[in-house]
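Okay, so here's the structure we're looking at.
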Amino acid sequence: MAAIAATPSPPYYAVIFTSLRTAGDHGYGETAARMEELAVQQPGFLGLESARDGLGITVSYWESLEAIAAWKRHAEHLAAQRRGRTEWYAGFALRICKVERAYGTWPAEGRQP
């Protein structure tokens, strides 16, 4: 995804997933696209930003900790998490943060500050 997420005014939560990939795709690209497709359908989902150039960073935004916990327990997401640990990631870190302030400039299609 190559856009700045159009998030609401704080507070809300950010899940920061940082990863180092193993060699080869092994179904990663298809699964990553499916996870994005599913995430946007989840109650409480607010947006997503992702970049990869060696180190991958994906930030998803959520209304609540309960929404994050529900996404973590989603059956297809659980299967992707297992594959991530065994096939796709040489290492990863996940951080959950409460966003208390947000400011910047957004493109015309995004949220206005």
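The values are calculated or read from the model by the stated rules, or taken from the named source; none is laboratory data. Since this is a predicted model, take the numbers as computed values, not measurements. No Cβ is skipped: glycine too gets one built from the backbone with ideal geometry, and neighbour counts run over all protein chains shown.
At-a-glance table
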{"read-out": "Filter result for Glu87 (of a type in the set (Asp, Glu), touching a residue at least 24 places away in the same chain (Cβ under 8 Å) and part of a helix (DSSP H, G or I))", "value": "yes"}
{"read-out": "Failed item, numbered, when Pro11 is tested on (1) surrounded by fewer than 16 Cβ atoms within 10 Å (Cβ to Cβ); (2) over 13 Å from the mean Cα position of the chain (by Cα); (3) farther than 14 Å from Lys98 by Cα", "value": "(3)"}
{"read-out": "Residues of segment 17-56 satisfying the condition of being of a type in the set (Val, Ile, Thr), surrounded by 14 or more Cβ atoms within 10 Å (Cβ to Cβ) and either under 20 Å from Lys72 (Cα atoms) or in contact with a Lys or Arg (Cβ under 9 Å, 6 or more places away or on another chain) (or both)", "value": "Thr18, Thr31"}
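Matching residues to (1) modelled with pLDDT of 95 or more; (2) of a type outside the set (D, E, K, R); (3) at negative phi:
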residue: Pro11; (1), (2), (3): yes, yes, yes
residue: Gly27; (1), (2), (3): no, yes, no
residue: Arg34; (1), (2), (3): yes, no, yes
residue: Glu66; (1), (2), (3): yes, no, yes
residue: Tyr103; (1), (2), (3): no, yes, yes
residue: Gly110; (1), (2), (3): no, yes, yes
